[in-house]
Structures are given as structure tokens and as C-alpha cells.
1. Taking the Cα centre of the chain as origin and charging only Cβ (+1 Lys, Arg; -1 Asp, Glu), how large is the dipole, in debye to the nearest 20?
2. With unit charges on the beta carbons (Lys and Arg positive, Asp and Glu negative) and the dipole taken about the Cα centre of segment 25-122, which residue among 52, 97, 73 sits farthest to the positive side?
3. If each residue of separation counts as 0.36 nm, what is the full-extension length gain between residue 359 and residue 395 once their alpha-carbon separation is subtracted?
4. Per DSSP H run of n ≥ 4, the term is -39500 (n - 2.57); total these for the chain, divide by its residue number, and report the mean residue ellipticity at 222 nm rounded to 500 deg cm²/dmol.
5. Is the C-alpha gyration tensor of segment 158-261 telling us rounded, prolate or oblate? Criteria: a/c under 1.5 is rounded; beyond that, a/b larger than b/c is prolate, otherwise oblate.
6. How much accessible area does residue 181 have with a 1.4 Å probe, in Å² rounded to the nearest 10?
7. How far is it, in nm, from the label point at residue 381 to the one at residue 308 when both lie 7 Å from their Cα along the line to the Cβ?
8. What FRET efficiency would be calculated for the residue pair residue 85, residue 255, taking the C-beta separation as r and a Förster radius of 30 Å, to the nearest 0.05?
Amino acid sequence: MNRKFDIAVIGAGPGGYVAAIKAAQLGKSVALIEKQELGGTCLNVGCIPTKTLLSSSSLLHQVRRAAEFGIETGPISIAYHKMKARKDAVIEKIRKNLEGLLKSNQITIYRASAQFESPHELKLTGVDNCRIFAEQIIIATGSIPVDVPAFPCNHTTILDSTSILELTQVPPSLIIVGGGYIGCEFASLFAELGSKVTILEALPSILAAQGPTVSDFMTRTFKAKGISIQTNVKVAKISNKPQITLTDGTTLHADKVLVSVGRKPYTQSLCLEKAGLATTERGFIAVNDAMETEIRGIFAIGDVTGKSMLAHVASHQGLVAAMNACGLKAHVHYDAVPAVVFTSPEIATVGFSLEQAQEKGLRAQAATFPFQAIGKAQASNDTEGFAQVVFDPKTKQILGATIIGHEASNLIAEMALAMQNELTLESIVDTIHAHPTMAEVWHEVAALSLGSPIHLPPKKRAP
Ligand SMILES: Cc1cc2nc3c(=O)[nH]c(=O)nc-3n(C[C@H](O)[C@H](O)[C@H](O)COP(=O)(O)OP(=O)(O)OC[C@H]3O[C@@H](n4cnc5c(N)ncnc54)[C@H](O)[C@@H]3O)c2cc1C
């Protein structure tokens with residue numbers, strides 16, 4: 001049945017469903033249209049499945065080193081099909097809860113693919129077939145893996161980040177084409193589970209987007225864990241065997257290949273032209289910081305905008321778009337966006353690295369404090385890693401932070417809050433941090449930046 005809504009949201013990923021809930025909270029009638037599963041990439045084939053599997057490999061890591069803590073174990077074996085089953089059950093549970101949450105907010109869910117008929121009219125095709133009309137439309141259709149025409153995925157031996165999640169056995173050997181954050185998370189996972197992992201990266205380093213401090217540290221760490229890394233190499237073709245041929249003619253073999261070379265905006269079948277919307281050269285939907293597109297009443301959020309392809313950014317943009325669609329005024333600021341790579345050890349960043357700050361022409365200095373000197377890190381034997389802050393030496397304002405090590409994903413929240421509120425190093429030093437905790441590393445690195453760390457010996461003074 002055709003219906004009219006105040007707001008229609010296309011795509012129920014972390015961008016779309018959050019926008020729908022916010023708009024409903026603000027009293028609007030809301031339609032949420034999803035052609036696959038509620039929760040989008042993040043819940044079904046992204047953040048949650050990977051982190052569920054990584055929690056298995058992390059536990060395995062802990063069990064393997066139990067003897068260091070005085071715990072004797074017997075032989076350890078891996079039942080990967082059970083890890084996968086647990087991953088599927090976790091997704092299913094969250095999906096069910098999400099459906100209940102959306103319904104409790106009086107949001108009408110349509111199971112269909114949406115396409116524009118005009119700026120205010122959508123044609124739905126799928127389980128639900130109808131037309132809906134809405135004053136405001138929020139596009140949250142996300143992204144899909146880039147498939148390279150020279151070596152398309154067959155999803156049995158040549159996999160992408162979605163099909164690799166369907167494996168029921170650990171591949172004895174795995175070649176990962178692409179050393180970005182998704183490739184490195186899978187490298188960490190399967191190396192811990194016993195695969196012989198090789199990363200092939202076209203750029204001079206893995207994790208290039210995270211900057212040289214992170215990529216140098218992780219290259220050393222990965223190599224120490226037995227992960228082979230080849231940089232400055234280009235793949236020419238991959239046969240179904242699979243056999244990889246590099247552009248210099250070298251061949252490599254593995255049981256499985258993961259192609260993880262990036263993601264592209266998912267706008268196919270939306271018929272954007274009927275709404276008068278064009279995409280950028282790279283296929284993204286251009287938006288301003290109120291998440292408005294060039295067409296009045298149409299907003300876009302999340303991966304499809306290409307702004308920062310992270311779930312929490314999509315959700316934040318969803319809140320902002322919903323508020324603006326409801327007549328409030330809100331804007332997104334991207335200066336304090338935390339980003340985490342869930343490798344072992346974890347990597348987390350916020351704001352500028354030293355190199356980025358210097359490139360921007362900012363006055364910037366960095367200080368780095370090792371986990372080795374933190375009591376809690378010694379207690380739990382998690383001494384690998386460091387925390388670094390980048391700051392303005394004159395005003396002492398924090399410009400960025402990087403942390404690699406145990407619990408980095410949680411620890412970065414303090415620096416995100418500090419940066420969002422333009423706090424200085426003094427505010428971190430003046431904050432009492434509980435002892436013994438890993439969070440004390442921020443207190444120490446801030447004190448170090450100000451020249452007076454407690455748990456590092458003083459610099460030798462000139463005689
Ligand atoms: C392996 C992997 C691991 C990741 N790990 C992390 C992580 O740890 N942390 C993090 O922050 N991010 C992570 N990401 C990225 C994160 O998943 C995305 O940034 C996030 O899902 C984007 O949210 P979104 O709402 O923009 O789009 P999506 O989550 O992609 O959702 C878009 C939805 O729109 C639907 N849709 C598309 N077109 C239509 C249409 N025409 N009609 C109806 N429905 C449509 C799709 O079916 C989909 O469900 C990961 C991604 C991958 C692939």
C-alpha cells in the first residue's frame with residue numbers, strides 16, 4: 001500500500017537505523033527501507049562478525065600464554081566451525097534486538113530495494129512492493145567491496161571481506177591482497193589461528209593511512225608473528241587455483257586469497273538521476289557538514305558519502321541528518337574522530353599524527369610513552385606498545401593521539417573527549433587516573449610532554 005511519511009531512510013546500517021530512531025524520537029513518522037539485513041555492513045559482514053571472530057583468536061592467544069601466569073593447560077585445539085557458528089549467533093541476536101528497538105520506536109520497516117521516482121517519491125521492490133512519499137529522504141546505502149576486473153572474486157578460492165566470513169575451516173595458507181585496516185585485521189585473525197599469512201601491498205608500507213609510526217611498528221610486530229609482508233608489489237592476475245602472478249612475473253600460491261583493496265559507494269539501483277542527484281567522480285554522494293545533498297530535502301550519510309568510512313561516523317552523521325531533517329540545526333565536525341584497527345595489538349588514533357600536523361603547517365611536537373613503564377601492563381604482561389600525543393608546544397593543546405597495545409580501542413576514548421573539548425595537556429595531568437590501569441599511560445605521556453614524567457628517569461642534564 002502506498003503511504004506518506006515525514007522521513008524515509010534508505011538503508012538500515014549504523015547510519016540509517018540511527019537516523020531513523022533519532023527522527024522518530026523527534027516525533028516524525030519514519031519509514032526505514034532495507035533490501036538485505038537490518039544492521040547493514042557493520043552488523044552482518046563488517047565490524048561485529050570480525051570482532052566476534054577476533055575475540056576468539058584473542059582468547060586463544062591468552063590460553064596459549066596461560067603458563068606465563070602459572071596456569072597449566074592441556075593440548076589446545078581449534079574448532080573454527082564453532083567460532084563461525086558463534087559469530088553467526090551473535091549477529092542473529094543483535095539483529096533481532098535491533099528489529100525490536102526499531103519497532104518500539106514506531107518505525108515502519110520495509111524489506112525492499114528503494115529507487116527514486118522523484119525527489120520525494122520512492123519505488124520499493126522486494127518483499128514489500130509499493131511507493132512511498134516523504135518530505136525528507138536520507139540516503140544511507142553504504143558501500144560494497146571493490147572487485148578488481150583483472151582478478152574478480154569467485155568466493156570459493158578468491159574471497160572478499162564478505163565471503164571470507166563464510167569459511168568453516170582455517171585455510172592453511174592465506175594471501176591477502178591489500179594491507180589496509182581490513183586486510184590487517186584478517187591477517188591478525190588468521191595468523192593467530194595458524195594460517196601462514198602473506199600480505200601483498202602496492203604502497204611502500206602496510207597501514208599507510210595510519211602514518212609511519214603505526215605502519216613501522218606493525219610491520220615489525222607482524223613479521224615477528226610470522227606474517228610475511230611484501231610491499232611495493234602489484235598483483236597482475238589470480239587464477240582460480242589460486243595462483244597469484246605479480247606484475248614482475250613472480251608467482252605465489254596459497255589455499256585462499258583475500259582481496260581487500262577498498263570499498264566503493266553503493267548507489268546502484270537508486271536511480272539518483274530521477275531525484276536530480278549526481279555523484280562525485282568516485283561515485284560518492286556529495287554532502288555539506290549538515291549532511292545535506294545538493295537537492296533540498298535529500299540528505300546522505302555514512303559510507304556512501306565517502307567522508308570517513310567508519311560505523312561510528314555513519315551513526316553520528318545519522319543523528320545530524322535526522323536533526324536537520326526535523327528542522328533543528330546540527331553539523332558534523334571531523335577533527336576528533338577516533339579510528340581503531342583491531343589487530344593484535346590493537347591500534348587506535350584520533351586527530352593528527354605528527355606528520356599530518358606538520359604537513360598542515362601546524363606547530364606540533366610529539367611525546368611517546370612505552371607501556372613497559374605502566375604497572376598494570378606489567379601485571380597483565382601486556383607491555384607491547386606505546387601511547388603518543390601530538391600537541392602544540394605553545395598552547396599545549398592536544399592535536400592528536402595514537403596508541404598501540406592492549407585495550408587501545410577503549411583507551412582512545414579519553415583522547416577523543418579531550419580533543420572534542422579542545423583540552424590541553426595540563427587538563428590530562430590534572431585528572432586523577434585510577435591505579436593500576438592502562439589509562440595511566442595518558443597521564444604519563446601528558447606529563448612527559450610537559451617535561452616531567454613520573455615513571456621515566458630524568459633526561460641527563462649537561463654538566
Ligand atoms: C570487514 C569489515 C570490518 C569493519 N570493521 C569496522 C570497525 O571495526 N569499526 C568501524 O567503525 N567500521 C568498520 N567497518 C566499516 C563499517 O562497517 C561501515 O563504515 C559502516 O557499516 C557504514 O555504515 P552505513 O550505514 O553507511 O552503511 P552500511 O552499513 O553499508 O549499510 C547500508 C545498508 O543499505 C542497504 N541498501 C543499499 N542500497 C539499498 C537500496 N537501494 N534500498 C534499500 N536498502 C539498500 C544495504 O543492504 C545495507 O544494509 C568495517 C567494514 C568491513 C567490511
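The values are calculated or read from the model by the stated rules, or taken from the named source; none is laboratory data. All values reported here derive from a predicted model rather than from experimental measurement. In this analysis, Cβ positions are derived from the backbone assuming ideal geometry, glycine residues included, and neighbour counts consider all displayed protein chains. The area values use the complete protein model at the heavy-atom level, side chains included, leaving out ligands, DNA and RNA. Shrake-Rupley method; radii C 1.70, N 1.55, O 1.52, S 1.80 Å.
1. Values: 42 positive and 41 negative charges, 111 e Å.
With Lys and Arg at +1 and Asp and Glu at -1, about 540 debye.
2. 73
3. Working: separation 36, 0.36 × 36 = 12.96 nm, distance 1.89 nm.
Result: 11.1 nm gained on full extension.
4. On the way: 12 runs with 139 residues, N = 463.
Result for the chain: -9000 deg cm²/dmol, rounded to the nearest 500.
5. Numbers: a/c = 1.67, a/b = 1.18, b/c = 1.42.
Oblate, since a/c reaches 1.5 and b/c is not below a/b.
6. 80 Å²
7. A separation of 3.7 nm, rounded to one decimal place.
8. Numbers: r = 21 Å, r/R0 = 0.71.
The calculated FRET efficiency here is 0.90.
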